[in-house]
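Laboratory data are not the source of any read-out in this text; all were calculated from the coordinates shown. Treat the numbers as computed from the prediction; the structure is a model and nothing was measured. Quick reminder, even Gly has a Cβ in these numbers, built from the backbone with ideal geometry, and neighbours come from all protein chains shown.
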Amino acid sequence: MNRESHVDTQQITARARKALGTALQREVGDRDFPERPTEVGWDSIKHVELVLLLEEEFDVRFGEDEIPSLDSLGAIVNAVERHLASHDHNRG
């Protein structure tokens, strides 16, 4: 998917939920805030799968040091927002 210059937090959250649902093989609803420490089945293999899905969905690349911190919906949304904002800033 192409990078979009003005994707809002709500859109990022919805798309991140979809990626989480795909990786965890379950529905991730609007009131569901998965976190790796408490999510059954969110093991290292699922984490790598999730990172790859997120990178493809948002056309971003996460650094090795950043990947372990992508352990909750909130952390994922924040990281994607940072990457998209950085891309927009570098464009200007």
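In the set (i) 1.17; (ii) 1.03; (iii) 1.58, the label that goes with Cα Rg over 2.2 N^0.38 Å computed for this structure is (ii). In plain terms, the chain from Glu64 to Val7 could stretch by 18.1 nm, reckoned as 0.36 nm per residue minus the Cα-Cα distance. Given +1 at the Cβ of Lys and Arg, -1 at the Cβ of Asp and Glu and no other charges, the dipole of the chain around its Cα centre is 160 debye to the nearest 20. Annotation: amide H-H contacts under 5 Å for Ser72 (H modelled 1.01 Å from N, sequence separation of 5 or more, or interchain): Arg36.
The distance between label points at Val40 and Lys18 comes to 2.8 nm (points 7 Å beyond Cα on the Cα→Cβ vector).
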